[in-house]
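Visitor: Below you will find the structure I want to go over with you.
The values are calculated or read from the model by the stated rules, or taken from the named source; none is laboratory data. What you are looking at is a predicted structure, and each value in this text was computed from that prediction instead of being measured. Reconstructed Cβ throughout: ideal geometry from the backbone, glycine too, with neighbour counts over all protein chains shown.
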Amino acid sequence: MDNNLEFLFAGFAVFWAGLFVYLVMLQMRLRELQQEIETLEERLAESEQTEQSGNSTPNSSSS
Amino acid sequence: MSSALAVFRKDLQLAWRDRSGWLSALAFATISVLVYSFAFDLATADIRPLLPGVLWTTFLFSGIFATSQSFQRESETGTFDAMLVAPVSPSTIYVGKLISNLISLLIVELALLVLTTILFDTPLLTGELVLVVFVGTVGYVSLATLLSTLGSRGSARAVLLPVLALPLLVPLLIASVRATGAALGAPIDSAPWLLLLVIFALWSTIGGALLFPVVSER
Amino acid sequence: MSALWQVLVAIFWWVIHTLLEPIWNARWVALPPLTGVMMMAMIVGAVLVAPREIVEGEVQRLMYIHVPVATISYLAFFVTAVASAIFLIGRDMRWDAIARGAATVGIMLTAFALLTGAIWGKPTWGVYWSWDARLTATLVLFLIYSGYLLARAVGGPNDEQAARYAAVVGIIGYIDIPLIHFSVDWWRTLHPQRIIFAPKPALPGEMLLVLLLGFLGILFLTLWLITLRGTTEYLVQRADRVRARLDQLERA
Amino acid sequence: MTTAVPAIAAFDLTKRYGGVAVVSNISFSLRAGSKIALLGHNGAGKSTLLGLLSTLITRTSGDASIAGHAISTNPIELRRNIGVLAHLPMVYEELSPLENLEFFARLYEVPEAATRIEELLRAVGLWRRRREPTSILSRGYHQRLALARAVLHRPAVLLLDEPETGLDPAGIALLDQLALDNPAVTVLAATHLVDRVDRWADGVLRLDRGCVVEAPDPVTAEVSS
């Protein structure tokens, strides 16, 4: 019964590889989102400028 | 409570006037039983071990299907909003809808029991079995009524509701199949299945009444 | 709301702010190294320190991953249920983000538990899936919280109605656990008796120690993943809000 | 002695869907008995405001009160005082007009419901066809039935969302009689028939992109004993 080393490696591989891939994907996703938010907020700041200068209608604040 | 009765009476009037709701559930249930009969070759095999499973999977699918239909109709014509605008708490609307769904589904289930008695020539309409069917139906109908408020995004909803409800109903499914088996004279195993069914029915009814206002908010 | 209820809620928020806030703020500093150290200890323990199980052989070492992961997935779903409840009370979408993040991590943990359980089961019992009571309960939980994510995905990142609905599923799903365990336990059990939690620990000392390391490692890993995943969901919400704001401005 | 409790009042009422505030910090107060036209382009937030006031839509922040009841503290008491007419007909197609009103009368616990129902069905011209299924009636009669349902429990406040849709001239006259010219009732009605507004409204509440741009002068000093 002790020749089941390959199952042990399979089990460990599944866990550690899966975990590693998940962590890497998560970090990439996090970084990508942070950049996207920065660019979006810059565009928002610009268009809110044009909106302020453009016309005087009150506009709602963004959270 | 009188407003819950008002909702209940109105739903029964609706179910009587527009029979498509529960009739399609009955048709669905009947076809399921026939499909199982062909699939499991119930005509010849000793059906005692299989019958509870056949009955309860049919009950669950047709029940969830009918409950979600009845709610979708109300939300499309705006009548659900008409009730929410009334000076009653959404929980009383839930109790009213729960009882009317329960009654129409019990009718479908009893009709199915009669059909199965005829098809498989086994005495199904015993007191104990009807009790098990009643308690089990209260359990799954209260959960289905709560979950049927799932926002309808096109067709996804018709599929999504069973996928959402059935895993939550696993304890009820196991308990009801085992309790029905016991009622049919299967070798009694020690577990108090009917007690678990009663607990599940209480749990999902109270949970449903408490959480319904949350899911009916817009 | 009755005065008593308001007092309770006030105490609740006081506990959140004074006790949990500092831990929450230190999350990026503390969690990664803690997780790293603990996971290292776990690997060394599982592979080297723990003695070889006579009957099951080397594959039994998978226990040091399988048992902690299966147990701590319940913690992840507990975080989902509590975050959903707080969201329903305070209607603050950040709690929805945490609930959603914790559910995703919980599902991943249950997936790992089922996988390692299958791989451990094959040489030991000859089958990948043995309908054993505890594994079945884990599978049911996996399905329930996959349903949670599906229900949540019906609406957008900031769709409050979908968030409320999913929160209800998240809470009901967790309260369902005792019922699942009762019904599944009575239904079928093949799993060896609870060797760890049995009254007399059947495990020799070193195994218990390594198992404890495993628990700590997976615990910190889970907390770190929930924070990571929760933050991702929160950023998705923020991006969606800014995008919606931009559409409104550009359309006007 | 309480004077001039506003029939309808909003205090920085806000409803946010994601990043967009569809209704943003809206405040106003309307005198009891006044008839106010709620005007604004599509998407200005009219329907959302009516939904917030009728407690159908949950607020993001701020508050509002109708007949002294706040939506945040006792919405049920508030709903006793409002009659709502929305885009959707909100009546049961399979039930007859009589059965529809009987159900809502039970729901609202209307005293001597039978006489009230008969009176309303006669007023909207549905008495003769009261037992036929509503589905075979025209869209105009649906709207009349919905109007009858809205005023069934004699609410002090009416929240109407484009009430004229589907109504023929006779129907519009009914709308005036039951709601717009009824002195005992406060009405806040969103409408697109702007030329009719000065005939029935004594004030205008105009919204633009979720903000109030024109409102009737607020209810003067509230002196409550």
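Visitor: Taking the condition within 12 Å of chain B (Cβ to nearest Cβ) and not in a strand (DSSP E or B), does D:LEU120 pass? Walk me through it before giving the result.
Guide: Values: within 12 Å of chain B (Cβ to nearest Cβ): no; not in a strand (DSSP E or B): yes.
Against the criterion (within 12 Å of chain B (Cβ to nearest Cβ) and not in a strand (DSSP E or B)), D:LEU120 does not qualify.
Visitor: Identify, please: which residue in the stretch D:123-139 is of a type in the set (Gly, Ala, Ser) and more than 11 Å from every other protein chain (Cβ to nearest Cβ) and is, among those, nearest to B:ASP11 (Cα to Cα)?
Guide: Going through the qualifying residues, I end up with D:SER138.
Visitor: In addition: Evaluate the following for B:LEU124: is it crowded, with 21+ Cβ neighbours inside 10 Å and in a loop (DSSP other than H, G, I, E, B)?
Guide: Yes.
Visitor: Only one of D:ARG144, D:ARG116, D:ARG128 is exposed (fewer than 14 other Cβ atoms within 10 Å of the Cβ), within 25 Å of D:PHE103 (Cβ to Cβ) and without any contact (Cβ under 8 Å) to a residue 40 or more places away in the chain; which?
Guide: One residue alone meets the criteria, D:ARG128.
Visitor: May I ask you to verify whether D:ALA32 is surrounded by fewer than 18 Cβ atoms within 10 Å (Cβ to Cβ) and modelled with pLDDT under 95?
Guide: So D:ALA32 passes the test.
Visitor: Now a separate question. Residue check: is B:VAL88 in contact (Cβ under 8 Å) with a residue 40 or more places away in the chain and under 15 Å from B:LEU202 (Cα atoms)?
Guide: Here the answer is no, as B:VAL88 does not meet what is asked.
Visitor: Looking at the stretch C:109-146, which of its residues are out of contact with any Lys or Arg (no Cβ under 6 Å at 6 or more places or on another chain) and either without any contact (Cβ under 8 Å) to a residue 24 or more places away in the chain or outside any helix (DSSP H, G or I) (or both)?
Guide: Residues satisfying the conditions are C:LEU115, C:ALA118, C:GLY121, C:LYS122, C:GLY126, C:VAL127, C:TRP129, C:SER130, C:ASP132, C:LEU143.
Visitor: In the stretch C:201-227, which residues are hydrophobic (A, V, I, L, M, F, W, C) and within 15 Å of C:GLY36 (Cα to Cα)? Full working, then the answer.
Guide: If we filter the stretch C:201-227 for residues that are hydrophobic (A, V, I, L, M, F, W, C), which is where we start, we get C:202-203, C:207-213, C:215-216, C:218-221, C:223-226.
Scanning the stretch C:201-227 gives C:LEU213, C:PHE215, C:LEU216, C:ILE218, C:LEU219, C:PHE220, C:LEU221, C:LEU223, C:TRP224, C:LEU225.
Visitor: Additional query: Of the conditions (1) surrounded by 18 or more Cβ atoms within 10 Å (Cβ to Cβ); (2) within 9 Å of another protein chain (Cβ to nearest Cβ), C:ALA166 clears all except one; give me its number.
Guide: So the condition that C:ALA166 fails would be (2).
Visitor: May I pose another question? I'd like the full set of residues that are of a type outside the set (Phe, Trp, Tyr) and under 15 Å from the mean Cα position of the chain (by Cα), limited to the stretch C:77-95. Quick ask: steps written out before the conclusion?
Guide: Start the filter on the stretch C:77-95 by keeping residues that are of a type outside the set (Phe, Trp, Tyr), which leaves C:79-86, C:88-94.
Scanning the stretch C:77-95 gives C:VAL79, C:THR80, C:ALA81, C:VAL82, C:ALA83, C:SER84.
Visitor: Follow-up. Within the stretch B:108-120, is even one residue in a helix (DSSP H, G or I), among the hydrophobic types (A, V, I, L, M, F, W, C), under 22 Å from C:ILE180 (Cβ atoms) and within 19 Å of the chain's Cα centre (by Cα)?
Guide: No; the residues of the stretch B:108-120 include none that is in a helix (DSSP H, G or I), among the hydrophobic types (A, V, I, L, M, F, W, C), under 22 Å from C:ILE180 (Cβ atoms) and within 19 Å of the chain's Cα centre (by Cα).
Visitor: Is it true that C:ALA46 is touching a Lys or Arg at 6+ places or on another chain (Cβ under 6 Å) and buried (at least 17 other Cβ atoms within 10 Å of the Cβ)?
Guide: Values: touching a Lys or Arg at 6+ places or on another chain (Cβ under 6 Å): yes; buried (at least 17 other Cβ atoms within 10 Å of the Cβ): yes.
Against the criterion (touching a Lys or Arg at 6+ places or on another chain (Cβ under 6 Å) and buried (at least 17 other Cβ atoms within 10 Å of the Cβ)), C:ALA46 qualifies.
Visitor: If C:GLY117 meets every condition in (1) small (Gly, Ala, Ser); (2) over 30 Å from D:ALA21 (Cα atoms); (3) surrounded by fewer than 23 Cβ atoms within 10 Å (Cβ to Cβ) apart from one, which number is that one?
Guide: (3)
Visitor: Taking the stretch B:183-218 as the search range and keeping residues that are aliphatic (A, V, I, L, M) and assigned to a loop (DSSP other than H, G, I, E, B), which one is modelled with the highest pLDDT?
Guide: B:LEU184
Visitor: Restricting the first residue to the stretch C:233-244 and requiring it to be more than 7 Å from every other protein chain (Cβ to nearest Cβ), which pairs with a second residue that is surrounded by 19 or more Cβ atoms within 10 Å (Cβ to Cβ) and part of a helix (DSSP H, G or I) meet a Cβ separation below 6 Å and a spacing of at least six or different chains?
Guide: The qualifying pairs are C:GLU233/C:ALA97; C:GLU233/C:ARG100; C:GLU233/C:GLY101; C:TYR234/C:ALA97; C:GLN237/C:MET93; C:GLN237/C:ALA97.
Quick grid of which residues meet (1) touching a residue at least 12 places away in the same chain (Cβ under 8 Å); (2) more than 14 Å from every other protein chain (Cβ to nearest Cβ); (3) part of a helix (DSSP H, G or I); (4) closer than 23 Å to B:THR137 by Cβ:
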| residue | (1), (2), (3), (4) |
| --- | --- |
| B:ARG9 | no, no, yes, yes |
| B:LEU23 | no, no, yes, yes |
| B:ALA29 | yes, yes, yes, yes |
| B:TYR36 | yes, yes, yes, yes |
| B:ALA39 | no, yes, yes, no |
| B:PRO52 | yes, no, yes, yes |
| B:THR58 | yes, yes, yes, yes |
| B:ILE64 | yes, no, yes, yes |
| B:ARG73 | yes, no, yes, yes |
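Visitor: Across the stretch C:26-53, what is the total count of residues that are touching a helix residue (DSSP H, G or I) at 6+ places or on another chain (Cβ under 9 Å) and outside any helix (DSSP H, G or I)?
Guide: Going through the stretch C:26-53 one residue at a time, the tally reaches 4.
Visitor: Report yes if D:SER61 is polar (S, T, N, Q), over 28 Å from B:SER70 (Cα atoms) and more than 9 Å from every other protein chain (Cβ to nearest Cβ), otherwise no.
Guide: Taking the combined requirement at face value, the residue satisfies it.
Visitor: Just to be sure, is A:GLU48 surrounded by 13 or more Cβ atoms within 10 Å (Cβ to Cβ), within 14 Å of chain D (Cβ to nearest Cβ) and modelled with pLDDT under 85?
Guide: yes
Visitor: Something else now. Do any strands (runs of 3 or more DSSP E) lying entirely in the stretch D:152-225 carry at least 3 residues that are within 14 Å of chain A (Cβ to nearest Cβ) and buried (at least 16 other Cβ atoms within 10 Å of the Cβ), and which ones are they?
Guide: Of the strands (runs of 3 or more DSSP E) lying wholly inside the stretch D:152-225, those with at least 3 residues that are within 14 Å of chain A (Cβ to nearest Cβ) and buried (at least 16 other Cβ atoms within 10 Å of the Cβ) span D:203-208.
Visitor: Another question, if that's okay. Kindly establish whether B:SER70 is among the small types (Gly, Ala, Ser) and within 19 Å of the chain's Cα centre (by Cα).
Guide: yes
Visitor: Sticking with this one: Checking the conditions here, which among B:ASP11, B:ASP18, B:ASP81 is surrounded by 16 or more Cβ atoms within 10 Å (Cβ to Cβ) and either touching a Gly at 6+ places or on another chain (Cβ under 6 Å) or within 27 Å of D:LEU158 (Cβ to Cβ) (or both)?
Guide: B:ASP81 is the lone residue from the list that is surrounded by 16 or more Cβ atoms within 10 Å (Cβ to Cβ) and either touching a Gly at 6+ places or on another chain (Cβ under 6 Å) or within 27 Å of D:LEU158 (Cβ to Cβ) (or both).
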